[in-house]
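The structure appears below as C-alpha cells.
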Amino acid sequence: MRIVEPTAAAIDEAARLLRAGGLVAFSTETVYGLGGDATNERAVAAIFDAKGRPMFNPLIAHVPDVREAQRFVQWSDAADRLAAKFWPGPLTFVLPRAERSPIALLATAGLDTVAIRAPSHPVAQALIRAAELPIAAPSANRSGAVSPTRAEHVAQSLGERVPLILDGGPCVVGLESTVLDLTGATPVLLRPGGATREAIEGVVGPIVLSEALPTGAAARSSPGQLASHYAPSRPVRLEATSVSPDEALLAFGAHPPAGARLTCNLSPTGDLAEAAANLFAQMRALDRPEISRIAVMPIPQTGLGLAINDRLRRAAADDGARGRS
Ligand code: TXA
Ligand code: MG
C-alpha cells in the first residue's frame, strides 16, 4: 500500500487502476472514499470485500457533474434545483435508476434506485474525470468503524486491502454527505450530513426526516443506517456536563469541565463547521486503551449539529457490535 501526493502522474496511475477493475482510496471534501468502477460488478464486489461490508448496504456513485449524473439516474426537477445550489458538494441524491443504467446491480444492492453525488474536492474531481467512469465509493474504512478524514486513517483501517491512497490532505467538511431520497413527492432525509437540513429546505421547502417514518420503512429506504456504526472501541457517553479522571473528554465550546484524563475540543469557539471537521479525527485520538469511556459534551441540534449528533448517537449505541467492526 502506498500513500501518494495527488500529482498528475499519480491521478493518471489511479485512473488506470480503476479502469482495470482495481481499487483506489482518494480524498473528498467529506471523508476519504474507497473507489472502484461503479459499472464493474467485480470491482464493486472487491469494495465490499475490502471493507467487510454487508452486501445489502448499497454504495454511492460519484460523478463529476449533473450531465454525467443524468446518464445513470432518472433526473428530477428537485434534483436540478438542489444540484444548482449544492453540487459539486456534500449532498447525495437517491433517484430511480435510469433505463439501461450501467451502474452495477451490486452497487445498489439490487434496489431500483441509485445514490449519486458530485464531490467538490479537486482530487476527487480530477480522478473521476481521468477515469471517465462513475466511481462507487463508500467511506474508506472497515465497515462499522469511524470514517477516515486523513490519508493515514485509511492506511490504519484498510492496510494492504487498498493498493493506492491519493492524499489530498485533511477533509474540510469531515462528515459524510447528506443522503436525500428524491423518489417520492416529498424529499426524505435518509442521512444527515455535510449539507444542512435548513439549507436544503431553503431550496425545496419542508423535507421529511427518515426517523419520522415507520421503523420498517426507514430501514428499507436507508439500509446503511444501522444504529451502531462509526463506533470507536471505547464506550461513548453523551450529554456529559462533568467528567471523571478515567474518562476522555470530547469537549465543545469555551467552558469544558476539568478533570478528564485526556481532552480534545471540537471547537473552543462553538463553531459547528469546525466541530464537524474535527469530529472523526478527535474520536480516534481519544479512543485509547488507558481510558474507560469517551464523554461527549452536548452539541446544539441545529445546522451541522444534526449530523454531528447523529454520528455521536451511533458511536454511543451499544448493540453488541462493538469489537466486531
Ligand atoms: O460523503 C460521503 O457520502 C462518502 C464519500 C466517500 O463520498 N461516502 C459514504 O458512503 O459515506 P457510505 O457507503 O459510507 O454511505 C452511503 C450511504 C449508506 O447509508 C447507504 O445505505 C446509503 O448511502 N445508500 C446508498 N445507496 C442507496 C440507495 N439506493 N437508497 C438508499 N440509501 C442508499
Ligand atoms: Mg461509511
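The values are calculated or read from the model by the stated rules, or taken from the named source; none is laboratory data. Treat the numbers as computed from the prediction; the structure is a model and nothing was measured. Virtual Cβ from ideal backbone geometry, glycine too; neighbours counted across all protein chains shown. These accessible areas exclude ligands, DNA and RNA; they are computed on the full protein's heavy atoms, side chains included. Shrake-Rupley method; radii C 1.70, N 1.55, O 1.52, S 1.80 Å.
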Residues in the stretch 5-18: is at least one aliphatic (A, V, I, L, M), open to solvent by less than 20 Å² (accessible area, probe 1.4 Å), closer than 22 Å to V203 by Cβ and assigned to a helix (DSSP H, G or I)? no
Out of A317, A258, A276, A295, I need the residue that is on the phi < 0 side of the Ramachandran plot, of a type in the set (G, A, S) and at pLDDT below 95. Which one? A317
Looking at the stretch 19-39, which of its residues are closer than 26 Å to F280 by Cα and either touching a strand residue (DSSP E or B) at 6+ places or on another chain (Cβ under 7 Å) or open to solvent by 20 Å² or more (accessible area, probe 1.4 Å) (or both)? L23, V24, A25, F26, S27, V31, Y32, G33, L34, G35, G36
Of the residues L166, L133, which is within 27 Å of L82 (Cβ to Cβ), surrounded by 24 or more Cβ atoms within 10 Å (Cβ to Cβ) and more than 12 Å from ligand 1 (Cβ to nearest atom)? L133
Go through the stretch 40-64 residue by residue and tally those that are more than 15 Å from ligand 1 (Cβ to nearest atom) and open to solvent by 50 Å² or more (accessible area, probe 1.4 Å). 2
Looking at V146, V94, which is the one that is crowded, with 17+ Cβ neighbours inside 10 Å and assigned to a strand (DSSP E or B)? V94
State all residues of the stretch 29-69 that are within 13 Å of ligand 2 (Cβ to nearest atom), out of contact with any helix residue (DSSP H, G or I) (no Cβ under 6 Å at 6 or more places or on another chain) and not in a strand (DSSP E or B); if no residue qualifies, say none. T30, V31, I47, F48, K51, G52, R53, P54, N57
Tally up the residues in the stretch 97-122 that are in contact (Cβ under 8 Å) with a residue 40 or more places away in the chain and either crowded, with 21+ Cβ neighbours inside 10 Å or on the phi < 0 side of the Ramachandran plot (or both), please. 18
Here are the criteria: (1) within 16 Å of ligand 2 (Cβ to nearest atom); (2) of a type in the set (A, V, I, L, M); (3) within 20 Å of R191 (Cα to Cα). Tell me which single one V162 does not satisfy. (3)
Any idea which of A137, A126 is within 13 Å of ligand 2 (Cβ to nearest atom), at pLDDT 95 or above and not acidic (D, E)? A137
Pick out, from the stretch 242-325, the strands (runs of 3 or more DSSP E) lying fully within it that include 1 or more residues that are open to solvent by 10 Å² or more (accessible area, probe 1.4 Å) and closer than 25 Å to R150 by Cα. 262-265, 293-296
Looking at the stretch 140-155 only, could you name the residues that are over 15 Å from the mean Cα position of the chain (by Cα) and at pLDDT below 95? none
Can you find, within the stretch 70-87, the residue that is nearest to A195 (Cα to Cα) among those that are charged (D, E, K, R) and part of a helix (DSSP H, G or I)? K85
